[in-house]
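Okay, structure first, notes after.
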């Protein structure tokens, strides 16, 4: 009888722990302090107005008054971190093949300006360290670490090594859809600012159509369901959230109410931007950041 009571008690405790993990949203307790001014970040490094994920675009965004830039990082063949969006080179350069099959030196030889046109030429692909060294002293830099699966690729340690060299912990935010990446980052160095990205839907059909069939990856179901995302937030304790603007509005409101620094993305037209500004998030990530900045700076906001 005593043994049964003990087992029942253990079972109830486990049930309570699981219920708390999946059903209770903890208040925010991260590293990023609240502020009055809503930040405006240029999505893809000002990618609608300059070559995608380029230093040239990031420089232009900062020259036009943006608070930060949001770009994408992934591993090269030789273990460096390159700033580039797609898995393969074809969409943004005249090169072919996968990014992770090229060394950093090889990737620097590809021109991001040729396909973009509009006056841009000789725009090399840049490294994560190039961006940290040049952009983080002037503005905030948010870099999505793109890691498929849960295997340890070493990208987290390499990213933190770069941040340490430049003493840029307060100026660089490392984001990911992959919660294991965020978990590893925080265990390597608790000073790193982590950002959990999520959405309720799958990838944009237009973007999927532009991606080679062999490079397409579906967004896992547990990242599209807020019950499982809540458990991830409780376990990983990210420092900020990057939330797609199509996520259920009640979910966005609840997370803002818990005190999370929230980035809403991608808000690109006047109606989307005005709605996002009305939520008073920490920041907006926009393909039209000049419009977002103009609306943000109006007296109403």
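Here, each number is a calculation from the coordinates, and none is a lab measurement. Keep in mind it's a predicted model, so treat the numbers as computed, not measured. Here Cβ is always computed from backbone atoms with ideal geometry, including for glycine, and neighbour counts include all displayed protein chains.
Taken along the Cα-to-beta-carbon direction at a fixed 7 Å, the label points for residue 190 and residue 63 span 4.3 nm.
Compute the whole-percent fraction of alpha carbon pairs in region 45-196 spaced more than 19 Å apart. Mind dumping the intermediate values first?
Numbers: 5707 of 11476 pairs.
I get 50 percent for the Cα pairs in region 45-196 exceeding 19 Å.
Between residue 150 and residue 37, the FRET efficiency estimated from the beta carbon spacing at R0 = 35 angstrom works out to 0.40.
Potential lengthening of the chain between residue 161 and residue 138 amounts to 6.3 nm, from the contour at 0.36 nm per residue minus the alpha-carbon distance. Here, P(r) means the percent of Cα pairs in each 5 Å bin from 0 to the largest distance; for region 258-301 it is 5, 26, 37, 21, 8, 2.
Determine, for each peptide in 89-102, 123-136, the mean count of other beta carbons within 10 angstrom over its residues, then list the peptides with the highest first. All intermediate terms of the calculation are to be shown ahead of the outcome.
On the way: 89-102: 16.1, 123-136: 21.0.
Peptide ranking by packing, descending: 123-136, 89-102.
Note on the chain: along the principal axes its Cα atoms extend 80, 50, 40 Å, ordered by decreasing extent.
For the peptides 179-186, 71-78, what is the packing order when you average, over each peptide's residues, the other Cβ atoms within 10 Å and list the highest mean first?
Numbers: 179-186: 22.4, 71-78: 20.2.
So the peptides 179-186, 71-78, ranked by packing, come out 179-186, 71-78.
Taking a label point 7 Å from the Cα of residue 204 along the Cα→Cβ vector, which residues of region 72-89 have an amide N closer than 20 Å to it? In region 72-89, the label zone of residue 204 (backbone N under 20 Å from the point 7 Å along Cα→Cβ) covers 72-74, 83-89. Size descriptors for region 205-301, from the alpha-carbon set: Rg then Dmax equal 15.3, 48 Å. Can you tell me what share of the DSSP beta bridges in the chain is antiparallel? A percent to the nearest 5 is fine. Expressed as a percentage, antiparallel bridges in the chain total about 15. Across region 2-296, the relative contact order, built from alpha-carbon pairs under 8 Å that are at least six residues apart, equals 21 percent.
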